[in-house]
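Bear in mind that the values in this text are calculations on the coordinates, not laboratory data. The model shown is predicted, which means the values in this text are computed figures rather than measured ones. With ideal geometry, Cβ positions are generated from the backbone for all residues, glycine too; neighbour counts draw on all protein chains shown.
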Amino acid sequence: MAKKKEKSNFNSWEQVGNALLEITQINNRVKAAEVQMEQDKLVIMNAYEQKVRDDLAHKAQLEKDMRLYTEEHMDEFTELKTKKFTYGSVGFRKKTDIITRNVKAILEALKQHKMMDCITTKITESINKTKLAEYDDAALLKVGAKRKESEKYFYEVPEEKLEG
């Protein structure tokens, strides 16, 4: 069975011209609606920012005060590295950094010691500190890098919603 050919609803060029006018009017209404939507979004975003600005500033101050107090009492974290509270915890986590001073010399040393997995090449070569951290301290010293461990402050709060 042959497909039936689709036929236009128009009977004249005047109808085509009117359709073009109508499409232009529709495009103008859509554009106006999009402009209004963008304006409404800005109003909502500004209202949101005003609503939460004070809370975010207060939160930042609370975080700073908790960190400073916890660091002042670091000597209390000898056995346990975390103090738990009803609504979260604070403490210290071991943080390991790889210290690289002379990048050019370290890159040459990495090549000499065939530690190519520690070199990342994009446009220029750089040190892949994540891979380098997998090597022992002796290997790090050979290439002119060293491991630095420190305690880094953290806090956690539960994700559940509280009333208030």
* With (1) without any contact (Cβ under 8 Å) to a residue 12 or more places away in the chain; (2) surrounded by 10 or more Cβ atoms within 10 Å (Cβ to Cβ); (3) part of a helix (DSSP H, G or I) as the list, and Phe10 as the residue in question, which single condition is left unmet? -> (3)
* Select, from Thr120, Thr86, Thr70, Thr124, the only residue that is under 30 Å from Val157 (Cβ atoms), β-branched (Val, Ile, Thr) and exposed (fewer than 15 other Cβ atoms within 10 Å of the Cβ). => Thr86
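Conditions tested, residue by residue: (1) aromatic (Phe, Trp, Tyr); (2) exposed (fewer than 11 other Cβ atoms within 10 Å of the Cβ); (3) in contact with a Cys (Cβ under 6 Å, 6 or more places away or on another chain).
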| site | (1), (2), (3) |
| --- | --- |
| Thr78 | no, yes, no |
| Lys81 | no, no, no |
| Asp97 | no, no, no |
| Leu107 | no, no, no |
| Leu110 | no, no, yes |
* What is the residue count in the stretch 31-69 for residues that are over 27 Å from Gly88 (Cα atoms) and not polar (S, T, N, Q)? -> 14
* Just give me the residues in the stretch 125-164 being of a type in the set (Phe, Trp, Tyr) and under 25 Å from the mean Cα position of the chain (by Cα), in sequence order. => Tyr153, Phe154, Tyr155
* Examine the stretch 44-58 for a residue that is surrounded by 10 or more Cβ atoms within 10 Å (Cβ to Cβ) and in contact (Cβ under 8 Å) with a residue 24 or more places away in the chain, and state whether such a residue exists. => no
